[in-house]
Ligand code: ATP
Ligand code: MG
């Protein structure tokens with residue numbers, strides 16, 4: 001089962017020096033320590049990993065005793081953060097999933113007290129802190145290609161689960177019984193989509209079948225963790241591919257429920273745009289994507305409100321409705337809901353072209369304009385309106401003073417031009 005691969009082709013120059021130093025120090029203190037997980041996988045693919053995780057046989061308290069700046073974080077899944085300046089290396093103790101003393105609990109969290117590993121009666125892991133050896137640690141990981149151990153000093157690669165062969169055949173395979181592994185932690189469904197989209201791997205047949213069979217288990221994931229995983233799924237530069245996969249596995253309605261039809265052409269444009277921005281190293285916000293996904297839900301709810309109630313009331317009610325749909329699936333931070341409301345409110349301001357200088361000065365102007373831009377591309381807003389706002393911004397760029405003559409006497413707003421000349 002344990003296979004040692006000597007000519008792995010990993011370029012040692014790509015190894016993060018801080019992770020290497022963490023391993024060196026743990027070893028000097030008499031412990032075993034290796035680079036593990038996604039970093040080894042990415043190195044084998046010739047990619048630069050985004051983070052380097054370390055796995056060791058040292059217990060969390062022992063890890064802390066080796067480093068001056070180290071602290072234990074997490075309860076469900078305890079790890080140690082070792083700090084080098086502002087950089088953090090995550091160090092995890094080897095775990096086992098074969099804890100004979102593991103507790104099974106329903107909702108009585110008192111029973112969790114003092115237990116290292118706790119599984120709910122429907123099989124979901126609630127706490128995963130039962131220590132084990134390296135092989136057990138490999139087997140409790142999610143995919144075969146995420147269960148490599150690499151020694152940066154001797155350049156040795158250890159493969160316990162056949163991940164090397166899977167990587168060569170570009171296959172993403174869950175370790176062990178795929179259904180049982182998804183029931184244990186349904187977040188692995190989202191991880192499968194993310195890793196498959198990011199690395200261009202095909203999801204192996206049994207794993208794909210298990211995803212279809214277990215997709216409803218997504219509901220068991222805590223609302224906050226679901227939000228965090230969706231951010232990772234859609235903000236990693238492969239949003240369009242990830243979304244397609246989520247569609248193929250019928251997950252979209254579980255992740256982003258709506259009571260009306262989604263504007264899929266608008267959403268596609270936003271996903272493509274997000275990927276493009278990531279590729280160009282430009283900032284992306286998940287809250288913006290959410291505002292696009294829920295825009296038609298907002299619009300319909302807005303239309304349903306009585307016109308006599310006035311804009312503010314209709315906007316607030318429609319915003320509540322759209323955000324509540326989303327909240328039935330995941331927890332969204334306050335800033336994200338405020339962001340979406342602002343972007344939606346801006347659509348009406350951008351369309352009316354009243355007091356454009358004031359609109360331009362709003363904090364979320366750019367995001368609001370970006371949605372208008374996408375809408376114009378799919379025919380849900382007028383291109384002339386988008387062009388007018390583009391020109392208006394360009395002319396304002398040359399003239400940054402907020403009350404300069406030029407801006408106060410900006411060209412005739414779009415609305416006037418339209419009514420006057422067309
Ligand atoms: P990324 O490149 O996005 O960081 P990753 O595979 O490194 O991908 P991490 O979240 O950093 O993802 O996790 C590090 C490693 O921990 C994984 O490679 C995997 O071995 C293990 N792991 C993470 N999440 C799970 C999970 N839910 N179940 C089992 N193992 C997991
Ligand atoms: Mg990682």
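The values are calculated or read from the model by the stated rules, or taken from the named source; none is laboratory data. Just so you know, these numbers come straight off a predicted model, no measurement behind them. No Cβ is skipped: glycine too gets one built from the backbone with ideal geometry, and neighbour counts run over all protein chains shown.
Could you tell me whether the range 58-65 includes any residue that is over 24 Å from residue 139 (Cβ atoms), at pLDDT 95 or above, surrounded by fewer than 15 Cβ atoms within 10 Å (Cβ to Cβ) and more than 13 Å from ligand 2 (Cβ to nearest atom)?
Start the filter on the range 58-65 by keeping residues that are over 24 Å from residue 139 (Cβ atoms), which leaves 61, 64-65.
Cutting the leftovers down to at pLDDT 95 or above gives us 61, 64-65.
The next check asks that each one be surrounded by fewer than 15 Cβ atoms within 10 Å (Cβ to Cβ); those that pass are 61, 65.
Filter once more, keeping what is more than 13 Å from ligand 2 (Cβ to nearest atom): 61, 65.
Taking every residue of the range 58-65 in turn, at least one turns out to be over 24 Å from residue 139 (Cβ atoms), at pLDDT 95 or above, surrounded by fewer than 15 Cβ atoms within 10 Å (Cβ to Cβ) and more than 13 Å from ligand 2 (Cβ to nearest atom).
Go through (1) under 30 Å from residue 395 (Cα atoms); (2) buried (at least 18 other Cβ atoms within 10 Å of the Cβ) for residue 352 and report which single condition fails.
The single condition residue 352 does not satisfy is (2).
Would you pick out the residues in the range 393-406 that are assigned to a helix (DSSP H, G or I) and either over 26 Å from residue 263 (Cβ atoms) or at pLDDT 95 or above (or both)? Steps first, please.
Pass one, the range 393-406, residues assigned to a helix (DSSP H, G or I): 393-397, 405-406.
Across the range 393-406, the qualifying residues are 394, 395, 396, 397, 405, 406.
Could you count how many residues in the range 3-41 are on the phi > 0 side of the Ramachandran plot, surrounded by fewer than 20 Cβ atoms within 10 Å (Cβ to Cβ) and either outside the structural domain of residue 149 (by TED's automatic domain parsing) or within 15 Å of ligand 1 (Cβ to nearest atom) (or both)?
To start, the set of residues in the range 3-41 that are on the phi > 0 side of the Ramachandran plot comprises 9, 30, 37.
Filter again for surrounded by fewer than 20 Cβ atoms within 10 Å (Cβ to Cβ), leaving 9, 30.
Now drop any that are not either outside the structural domain of residue 149 (by TED's automatic domain parsing) or within 15 Å of ligand 1 (Cβ to nearest atom) (or both), which leaves none.
Final tally of qualifying residues: 0.
Quick one: count up the residues across the range 279-306 that are closer than 22 Å to residue 335 by Cα and crowded, with 17+ Cβ neighbours inside 10 Å.
Result for the range 279-306: 18.
May I ask you to say which residue of 410, 381, 376 is modelled with pLDDT of 95 or more and in a loop (DSSP other than H, G, I, E, B)?
381
Mind listing whichever residues of the range 72-98 are out of contact with any helix residue (DSSP H, G or I) (no Cβ under 7 Å at 6 or more places or on another chain) and more than 15 Å from ligand 1 (Cβ to nearest atom)?
75, 83, 85, 86 - these are the residues of the range 72-98 that are out of contact with any helix residue (DSSP H, G or I) (no Cβ under 7 Å at 6 or more places or on another chain) and more than 15 Å from ligand 1 (Cβ to nearest atom).
Would you pick out the residues in the range 220-241 that are closer than 16 Å to residue 262 by Cβ and under 11 Å from the mean Cα position of the chain (by Cα)?
Just the residues of the range 220-241 that are closer than 16 Å to residue 262 by Cβ, to begin with: 230, 234, 239-240.
Selection gives 230, 234, 239.
Among 371, 338, which is without any contact (Cβ under 8 Å) to a residue 24 or more places away in the chain, within 30 Å of the chain's Cα centre (by Cα), part of a helix (DSSP H, G or I) and more than 14 Å from residue 388 (Cα to Cα)? Step through it out loud before you land on a result.
Numbers: 371 fails: without any contact (Cβ under 8 Å) to a residue 24 or more places away in the chain.
None of the others qualify; the one that does is 338.
Go through (1) assigned to a loop (DSSP other than H, G, I, E, B); (2) under 24 Å from residue 195 (Cβ atoms); (3) at pLDDT 95 or above and name the single condition residue 31 misses.
Of everything listed in (1) assigned to a loop (DSSP other than H, G, I, E, B); (2) under 24 Å from residue 195 (Cβ atoms); (3) at pLDDT 95 or above, residue 31 misses just condition (2).
Exactly one condition in (1) within 15 Å of ligand 2 (Cβ to nearest atom); (2) modelled with pLDDT under 95; (3) not in a loop (DSSP other than H, G, I, E, B) is not met by residue 13; state its number.
Checking residue 13 against (1) within 15 Å of ligand 2 (Cβ to nearest atom); (2) modelled with pLDDT under 95; (3) not in a loop (DSSP other than H, G, I, E, B), the one that fails is (1).
Can you name every residue in the range 45-57 that is away from ligand 2 (no atom under 14 Å from the Cβ) and surrounded by 14 or more Cβ atoms within 10 Å (Cβ to Cβ)? Let's see the steps before the verdict.
Looking only at the range 45-57, we keep the residues that are away from ligand 2 (no atom under 14 Å from the Cβ), and these are 46, 56-57.
Once the filter is applied, which keeps residues that are away from ligand 2 (no atom under 14 Å from the Cβ) and surrounded by 14 or more Cβ atoms within 10 Å (Cβ to Cβ), the range 45-57 yields 56, 57.
Would you mind telling me which numbered condition in (1) under 20 Å from residue 256 (Cα atoms); (2) modelled with pLDDT of 95 or more; (3) surrounded by fewer than 18 Cβ atoms within 10 Å (Cβ to Cβ) residue 217 fails?
Tallying (1) under 20 Å from residue 256 (Cα atoms); (2) modelled with pLDDT of 95 or more; (3) surrounded by fewer than 18 Cβ atoms within 10 Å (Cβ to Cβ), residue 217 fails exactly one: (3).
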